[in-house]
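Since the structure comes first, as structure tokens, the remarks are kept for the end.
The values are calculated or read from the model by the stated rules, or taken from the named source; none is laboratory data. These numbers come from a predicted model, not from an experiment. Here the Cβ positions follow ideal geometry from the backbone for every residue, glycine too, while neighbour counts run over all protein chains shown. These area figures cover heavy atoms from the full protein model, side chains too; ligands, DNA and RNA do not enter into them. Shrake-Rupley method; radii C 1.70, N 1.55, O 1.52, S 1.80 Å.
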Amino acid sequence: MSVFLKTEDEIELMRQASRLVSKTLGELAKHIKPGVTTLQLDRIAEEFIKDNHAVPVFKGFPNPFGESFPASICTSVNDIVVHGIPDGKTILRDGDIISIDCGVFLNGFNGDSCYTFSVGEVSEDIRNLLVATKKSLYLGIEKAVAGNNLGDIGNAVQNYCERHGYGVVRELTGHGIGRKMHEDPQIFNYGKSGSGMLLKSGMCLAIEPMITMGLRNICLMPDRWTIRTLDGRPAAHFEHTVSVRKGKAEILSSFEGLERLEVN
Ligand code: MG
Ligand code: MG
């Protein structure tokens with residue numbers, strides 16, 4: 001297990017990378033509406049990231065089969081939990097949701113964040129799922145303080161989501177983040193409080209609950225990237241990059257800019 005603690009200077013670079021991810025999601029928020037294809041969103045994101053002198057790290061990222069992800073963002077619509085591949089055939093429709101996961105490499109460090117957007121008017125059930133998933137992310141982040149254990153984060157996410165009748169995906173996790181997109185430790189979205197690694201100041205973590213409206217089970221599509229819910233019901237995914245500190249974690253990414261454009 002290799003957990004890299006970051007200095008304040010390194011955290012500043014992480015902050016810059018994370019802010020650029022947030023700005024990219026904010027840029028995309030302006031374009032999310034019925035009729036837009038996920039490929040159009042990918043093009044916008046890629047151009048925006050490159051214009052800001054950064055690298056869209058998801059492009060070329062390998063899966064366990066040694067294949068490279070072909071796009072700059074993951075666009076996961078409705079029952080796709082994660083790793084949806086942007087394409088010209090997926091046209092957003094009124095009532096859809098789309099999780100856009102974005103990662104950039106800037107000045108030697110990575111930032112990673114995901115937001116599930118509503119397309120037009122969504123049903124109340126779906127709105128509740130989005131609100132609960134986002135809430136669970138912030139409850140997890142509240143536990144990401146020095147002196148707590150890793151299991152406190154997962155426990156907070158799981159408790160809240162399951163109490164509200166939602167499924168917590170178990171096969172996918174958050175992760176440490178820094179010079180590499182995925183560093184140790186893995187961050188489960190379930191677990192026992194007081195269990196697991198002791199959290200220390202300087203750890204940078206990508207916390208990312210993936211929550212389903214129905215059963216928590218998932219399946220991998222033949223493209224070997226796209227992960228859907230097994231029961232075909234919708235899933236939501238919110239993610240922040242944070243740095244662990246004493247007393248309160250610092251959230252390095254931000255939803256502020258894009259939430260101004262969201263109807264809640
Ligand atoms: Mg991500
Ligand atoms: Mg991540």
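If you check residue 218 against the conditions, is it of a type outside the set (Lys, Arg) and closer than 15 Å to residue 83 by Cα? Yes.
Taken as a whole, the condition of being within 16 Å of ligand 2 (Cβ to nearest atom) and under 19 Å from residue 257 (Cβ atoms) applies to residue 116.
Among the residues of the range 16-61, those identified as farther than 20 Å from residue 182 by Cβ, polar (S, T, N, Q) and touching a strand residue (DSSP E or B) at 6+ places or on another chain (Cβ under 6 Å) are 37, 38.
Looking at the range 37-51, can you tell me whether even one residue there is touching a Phe, Trp or Tyr at 6+ places or on another chain (Cβ under 8 Å) and open to solvent by less than 30 Å² (accessible area, probe 1.4 Å)? There is no residue in the range 37-51 that is touching a Phe, Trp or Tyr at 6+ places or on another chain (Cβ under 8 Å) and open to solvent by less than 30 Å² (accessible area, probe 1.4 Å). Does the range 209-216 contain any residue that is within 30 Å of residue 7 (Cβ to Cβ), in contact with a His (Cβ under 8 Å, 6 or more places away or on another chain) and within 16 Å of ligand 1 (Cβ to nearest atom)? Yes, that holds for at least one residue. Being open to solvent by 10 Å² or more (accessible area, probe 1.4 Å), at pLDDT 95 or above, within 16 Å of ligand 1 (Cβ to nearest atom) and not in a strand (DSSP E or B) narrows it down to one residue among 89, 180, 135; which is it? None of the others qualify; the one that does is 180. Has the range 209-219 got at least one residue that is more than 22 Å from residue 113 (Cα to Cα) and part of a strand (DSSP E or B)? Looking for residues that are more than 22 Å from residue 113 (Cα to Cα) and part of a strand (DSSP E or B), one finds at least one in the range 209-219, hence yes.
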